[in-house]
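A.B. asks: Sharing a structure below in structure tokens format, with a few things to ask.
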């Protein structure tokens with residue numbers, strides 16, 4: 001374990017020393033290039049999965065964060081002259097980083113969409129926030145840590161996405177069916193779903209204008225998707241029921 005720690009420390013010192021020997025303009029350009037690569041790698045994964053915030057968005061967020069951090073550190077390095085009243089100016093480079101993370105948080109919030117009980121974009125928002133932090137790390141010259149962060153982000157977005165398929169997960173759907181109205185038709189419909197191995201969270205109904213049929217809305221939960229689809233096929237084949245709509249929550 002100690003050997004691994006010493007190796008990582010040596011790598012970190014060697015990379016920082018090599019980059020610092022290039023000079024400020026070249027090293028700054030290198031940091032911006034690395035930010036483009038880091039943002040592009042994460043953005044490529046999002047682009048492949050068809051997300052709205054994809055390749056270009058992640059590159060711009062990471063690049064902008066790195067540029068802001070470079071400018072901030074240069075402000076801090078600058079030898080500001082004393083003002084006429086004797087007050088010396090000191091710049092805290094971390095203050096701009098606070099603003100970046102807050103601003104990207106608002107940008108990520110714009111990607112979260114709430115529609116009919118379902119929430120989309122949480123992973124994209126978290127990814128934008130993380131890639132901004134990676135850009136800040138690259139901008140201040142923490143290269144090895146930024147590389148590890150990119151690897152862990154890609155692992156979380158790509159590899160763990162496949163691992164989720166093996167984790168039992170409770171799913172919710174809203175189902176609307178129409179049936180002939182008779183006393184107890186709602187209870188019988190709920191019973192049909194329970195016999196299919198599904199949990200009925202809530203049920204409500206509305207009778208037609210001629211009072212002959214009832215439209216029943218059910219909120220169901222299940223773990224095994226095959227159980228739901230088997231029941232859906234049975235409802236479609238059952239002349240007593242008409243499946244009107246179904247959607248995932």
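A.B. asks: Tell me the residue from 243, 231, 157 that is modelled with pLDDT of 85 or more and out of contact with any strand residue (DSSP E or B) (no Cβ under 7 Å at 6 or more places or on another chain), please. Explain how you work it out, then say what you get.
C.D. replies: On the way: 243 fails: out of contact with any strand residue (DSSP E or B) (no Cβ under 7 Å at 6 or more places or on another chain); 157 fails: modelled with pLDDT of 85 or more.
Being modelled with pLDDT of 85 or more and out of contact with any strand residue (DSSP E or B) (no Cβ under 7 Å at 6 or more places or on another chain) holds for just one of 243, 231, 157, which is 231.
A.B. asks: Checking residue 223 against (1) out of contact with any strand residue (DSSP E or B) (no Cβ under 6 Å at 6 or more places or on another chain); (2) in contact (Cβ under 8 Å) with a residue 24 or more places away in the chain; (3) over 30 Å from residue 45 (Cβ atoms), only one condition comes out false. Which one?
C.D. replies: (3)
A.B. asks: Can you name every residue in the stretch 26-44 that is surrounded by fewer than 20 Cβ atoms within 10 Å (Cβ to Cβ), within 16 Å of residue 158 (Cβ to Cβ) and touching a residue at least 24 places away in the same chain (Cβ under 8 Å)?
C.D. replies: 41
A.B. asks: Keeping to the stretch 118-175, report how many residues are in a helix (DSSP H, G or I) and within 15 Å of the chain's Cα centre (by Cα).
C.D. replies: 24
A.B. asks: Still on this structure, please answer the following. (1) touching a helix residue (DSSP H, G or I) at 6+ places or on another chain (Cβ under 6 Å); (2) surrounded by 15 or more Cβ atoms within 10 Å (Cβ to Cβ); (3) not assigned by TED's automatic domain parsing to the domain that holds residue 76: which one isn't true of residue 197, the others all being true?
C.D. replies: Looking at each condition in turn, residue 197 falls short on (2).
A.B. asks: State which residue pairs qualify: first residue without any contact (Cβ under 8 Å) to a residue 24 or more places away in the chain and inside the stretch 1-22, second residue part of a helix (DSSP H, G or I) and surrounded by 11 or more Cβ atoms within 10 Å (Cβ to Cβ) in any location, beta carbons under 7 Å apart, and separation of 6 or more residues or different chains.
C.D. replies: 22/30
A.B. asks: Determine the pairs where a residue that is more than 14 Å from residue 135 (Cβ to Cβ) and in the same structural domain as residue 137 (by TED's automatic domain parsing), located within the stretch 89-115, has a partner that is at pLDDT 70 or above and not in a helix (DSSP H, G or I) with Cβ atoms under 6 Å apart, the partner being 6 or more residues away or on another chain.
C.D. replies: That search, which allows pairs on different chains as well, returns 111/121; 112/121; 113/120; 113/121.
A.B. asks: OK, next. What residue, of 68, 42, 37, 15, is closer than 17 Å to residue 134 by Cβ, modelled with pLDDT under 80, in a helix (DSSP H, G or I) and in the same structural domain as residue 104 (by TED's automatic domain parsing)? Working first, answer last.
C.D. replies: Details: 68 fails: modelled with pLDDT under 80; 42 fails: modelled with pLDDT under 80; 37 fails: modelled with pLDDT under 80.
It is 15.
The values are calculated or read from the model by the stated rules, or taken from the named source; none is laboratory data. The shown structure was predicted, so the numbers you read here are calculated from the model rather than taken from an experiment. Quick reminder, even Gly has a Cβ in these numbers, built from the backbone with ideal geometry, and neighbours come from all protein chains shown.
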